[in-house]
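Only one structure is covered here, and it is reproduced in the block below.
Nothing in this text is a laboratory measurement; each read-out follows from the coordinates by a stated rule. None of the values given here were measured: they were computed from a predicted structure. Neighbour counts run over all protein chains shown; Cβ positions are idealised from the backbone, glycine included.
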Amino acid sequence: MNQNNQSVELLKAILPTLISAAQQHYVHATINLKKGFIKLGNRMMEEYTEETATVGKIIDRLIELDGTVELVNPEAQLAVYSSIEDQLRNECDYQFKSIALLEGAIRSTTLDLVTENFLTEYLNEETQHAAWLKQQVELMDTIGVKNYLSKQI
Ligand SMILES: [Fe+2]
């Protein structure tokens, strides 16, 4: 497979998961804003906006490379949680799993340079997102969920 084909395959493979993850952030953000946890809701909405922009860039790149765009993959469906503790713990677990998968995929694939640079930048953003999620989980463990939530209003 040439570099462009390998890039298309990798981009196609990650797209449905990214769409699903971005939508999960949106639902969680909206639930939390409605509950009055404005700080946390706004932060999650920023992730949604950032990841939705990434989804757009992946679609652009796929079309540039003459790939087809498939939006649905049943395995990429993510659950929605109403409890903030469950939201953060699950997003955190999923975030670290996705980073490991993406790292492995980038390493084992010969990508065209534009796609490789783009995915490396994306990996960097997601690593920062993972660090933030881990920090929130650790804060809940350290100061207790109630105390954590009282800081998110
Ligand atoms: Fe993320």
Charge sum, other residues only, whose C-beta stays under 12 Å from Thr68's C-beta, Lys/Arg counted +1 and Asp/Glu -1: -2
Please give the contour-minus-distance gain from Lys97 to Glu85: 0.36 nm per residue of separation, less the Cα-Cα distance, rounded to one decimal in nm. 2.5 nm
Restricted to pairs 8 or more residues apart or on different chains, the lysines in the stretch 3-150 with C-alpha atoms under 16 Å apart form a number of pairs equal to 4
Share of Cα-Cα pairs in the stretch 1-70 beyond 16 Å, whole percent, is 52
If you project the alpha carbons of the stretch 64-153 onto their three principal axes, what span does each projection cover, largest first, in Å? 50, 26, 22
For the stretch 3-135, count all C-alpha to C-alpha pairs, find those more than 17 Å apart, and express that count as a whole percent of the total. 58
